[in-house]
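> Would you mind keeping the following structure in view while I ask a few things?
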Amino acid sequence: MSIQNFQIIESTLREGEQFVNAFFTQAQKIEIASLLDAFGVEYLELTTPQASPQSELDCIAIAKLGLRAKIVTHTRCTLPDVRKAVETGVNGVDVVIGTSSQLREFSHGKSVPEIIELAQEVFEYLKSQNVEMRFSTEDSLRSDLQDLFAVYEAVDAIGINRVGIADTVGIGTPMQVYNLVSELRKRVKADIEFHGHNDTGCAIANAHAALEAGATHVDTSVLGIGERNGITSLGGLIARLYAIDSNLVKKYNLPLLVELDQRVAELVQVDVPFNNYITGFSAFTHKAGIHAKAILNNPSTYEVLCPEDFGLKRYINIAHRLTGWNAVRFRAEQLGLELSDDQIKHITGEIKMLADEHPLTLDDVDALLRNEYHPLEIEYSNPNEVA
Ligand code: HCA
Ligand code: CU
């Protein structure tokens, strides 16, 4: 199925708050919410007001901001929790309960018929409150399929807006997620949301597989922060979809990703990873001579993401032993130095020799180029001129 309409449920302020280093103040939450809203995510998911008195105040404050994004909060499947959620003034409630045998036995202790009964009670109430309703099953990938579908079909019959699949432990593969979502797509009318953890590195691929199978909503967080090593990252999902068709993500303000990643990294005291999608420091740096030459002719040779679309620039690193003379010539042109091909080739050889001895910087290369360009300048200077 080709991906057409999808929406992002941005959970930096819920799943992200479960990241070990996250201790957001209300002002910081408002700052993150406003940035995400300016980026254009469709939903912001907030920590349940049941978590603490401050969490409740934060929900109320963010619900009042009048952002373009819909504000939803995340709750357990109980009447007191959803009541409290509705009272904060949010637009929707994301209800979750565990359906796997592990969670049924060791977490809430409820049977499948009991889960269904509880869900019916909770959603009948939410329906009367005119808020968006989502029901998701924790640890869906390790749940018995019969149980899972019985629960989803029961809540779908109530007429809720979305059902969610959660790969809580990051165990799913794209193929498994694809198959599960496809099956669910046949059984429910509601929209389908996917929430995937990244324990085994599949969170982005799984989110993409879910969309291909007919999911309509994906949960993300900035930099992927969340419980343990987190979930599908906002930037990673954007990169994945952009590479399929950049039109899929043109509804978002892409240049804001850099600020979002940097700001959230700062708030949770980590660096943006060097290999991060789009905003990692080497994401648009090309090094080998062969790559550099092709990139200079046509960037699409080695780039599926266009840095300009994210307000970024590509960088060609020439100060190393893998360099090539085409890239060195390009640098000379950037510096306004007219050098012959022979001169450029000679300098390229010198760069390689020096780089074998010690690490070089771009300044070192620039100096070599400038020396080649003005080799005799001193001899031609006017001896009568007094310094
Ligand atoms: C958690 C809950 C959750 C919920 C996902 C959802 C998960 O374990 O903290 O609401 O769909 O990963 O199962 O984040
Ligand atoms: Cu989660």
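> Mean projection of the alpha-carbon convex hull of the chain over all orientations, in nm²? Walk me through the intermediate numbers first.
Working: hull surface 99.3 nm².
Its average projected convex-hull area is 24.8 nm².
> Keeping all protein chains in place and using 1.4 angstrom, which order do 302, 43 fall into by accessible surface area, from largest down? Write out the running numbers ahead of the final one.
Values: 302 100, 43 10 Å².
Largest accessible area first, the residues go 302, 43.
> Report the local net charge at residue 27: Lys and Arg +1, Asp and Glu -1, summed over other residues whose C-beta lies under 13 Å from its C-beta.
Numbers: positive: 29, 263; negative: 31, 58.
Around residue 27, the surrounding residues sum to 0.
> What does the highest-first list of 360-373, 334-347 look like by mean Cβ count within 10 Å?
Values: 360-373: 15.9, 334-347: 13.9.
Put in order of decreasing packing, that is 360-373, 334-347.
> On to the next question. Using only the alpha-carbon atoms of the range 198-287, report the extent along each of the three principal axes, biggest first, to the nearest angstrom.
In descending order, the Cα extents are 36, 30, 26 Å.
> Which angle between 0 and 90 degrees, to the nearest 10, do you get for helix 234-244 versus the longest principal axis of the chain when only C-alpha atoms count?
70 degrees
> What is the total of Lys pairs in the range 185-329 with C-alpha atoms under 30 Å apart, excluding same-chain pairs fewer than 8 positions apart?
10
> Then there's this: What does the net charge come to around residue 317 if you take all other residues with beta carbon closer than 12 Å to its beta carbon, with K and R at +1 and D and E at -1?
On the way: positive: 287, 314, 321, 331; negative: none.
Charge balance near residue 317 sits at +4.
> Using the Kirkwood formula on the Cα atoms of the range 266-378, what hydrodynamic radius do you get, in angstrom to one decimal? Don't jump to the answer; show the numbers that get you there.
Working: mean 1/r = 0.0650 Å⁻¹.
Hydrodynamic radius (Kirkwood, Cα pairs) of the range 266-378 is 15.4 Å.
> Can you give me the long-range amide H partners of residue 75? Hydrogens built in the peptide plane at 1.01 Å from N, cutoff under 5 Å, separation of 5 or more residues or another chain.
So residue 75 has HN proximity to 94, 95, 96.
> Something else about it: Cα axis of helix 26-39 to longest principal axis of the chain: angle in degrees, 0 to 90, nearest 10?
Helix 26-39 sits roughly 70 degrees off the main axis of the chain.
> Kindly rank 169-175, 144-150 from highest to lowest mean number of other beta carbons found within 10 Å of each residue. Before the final figure, lay out each step's value.
Values: 169-175: 18.0, 144-150: 15.1.
Order by mean packing, descending: 169-175, 144-150.
> Let me ask something additional. Divide by every residue of the chain the summed helix terms, -39500 (n - 2.57) for each DSSP H run of at least 4, and state the resulting mean residue ellipticity at 222 nm, rounded to the nearest 500 deg cm²/dmol.
Numbers: 14 runs with 164 residues, N = 387.
Using -39500 (n - 2.57) per qualifying helix, the result is -13000 deg cm²/dmol.
> Accessible area per residue for the range 236-387 in Å², computed with a 1.4 Å probe and the full protein assembly in place, what is it?
61 Å²
> Moving to a separate point now. How high is the relative contact order of the chain, given as a whole-number percent (alpha carbon pairs under 8 Å, six or more residues apart)? Before the final figure, lay out the partial values.
Details: 695 pairs, mean separation 50.7, N = 387.
Reported relative contact order: 13 percent.
> How large, in percent, is the carbon and sulfur part of the accessible surface of the range 232-372 at a probe radius of 1.4 Å? All intermediate terms of the calculation are to be shown ahead of the outcome.
Working: 3750 of 7530 Å².
Ligands and nucleic acids excluded, carbon and sulfur give 50 percent.
> Express the relative contact order of the range 44-91 as a whole percentage, based on alpha carbon pairs under 8 Å and six or more residues apart in sequence. Kindly include the intermediate steps, with their values, before the conclusion.
Working: 66 pairs, mean separation 21.7, N = 48.
Relative contact order for the range 44-91 comes out at 45 percent.
> Hey, what did the range 96-224 get for relative contact order, percent, Cα under 8 Å, at least 6 apart?
Working: 214 pairs, mean separation 28.1, N = 129.
After rounding, I find 22 percent.
> Looking at the chain only, what percent of DSSP beta bridges run antiparallel? Nearest 5 please.
Values: 1 of 38 bridges.
DSSP beta bridges in the chain are roughly 5 percent antiparallel.
> So, one more: What span do the alpha-carbon atoms of the range 1-118 cover on each of the three principal axes, reported in whole Å from largest to smallest?
The principal-axis extents, from largest down, are 44, 43, 29 Å.
> If I compute solvent accessible area with a 1.4 Å probe over the protein chains, what percent of it on the range 80-125 is carbon and sulfur? Don't jump to the answer; show the numbers that get you there.
Working: 1010 of 2130 Å².
Carbon and sulfur: 47 percent of the exposed surface of the range 80-125.
> Looking only at the range 216-245, which residues have a backbone nitrogen under 17 Å from a spot 7 Å from the Cα of residue 200 in the C-beta direction?
Answer for this model: 229-232.
> Provide, as a two-decimal number, the C-alpha radius of gyration of the range 285-324 over 2.2 N^0.38 Å, N being how many residues it has.
Numbers: Rg = 10.2 Å, N = 40, 2.2 N^0.38 = 8.9 Å.
So the Cα radius of gyration is 1.14 times the expected 2.2 N^0.38 Å.
The values are calculated or read from the model by the stated rules, or taken from the named source; none is laboratory data. For clarity, every value in this text was computed on a predicted model and none was experimentally measured. We place every Cβ from the backbone using ideal geometry, glycine too, and count neighbours over all the protein chains shown. For the accessible areas, the whole protein counts, side chains as well, though only heavy atoms, and no ligand, DNA or RNA atoms are used. Shrake-Rupley method; radii C 1.70, N 1.55, O 1.52, S 1.80 Å.
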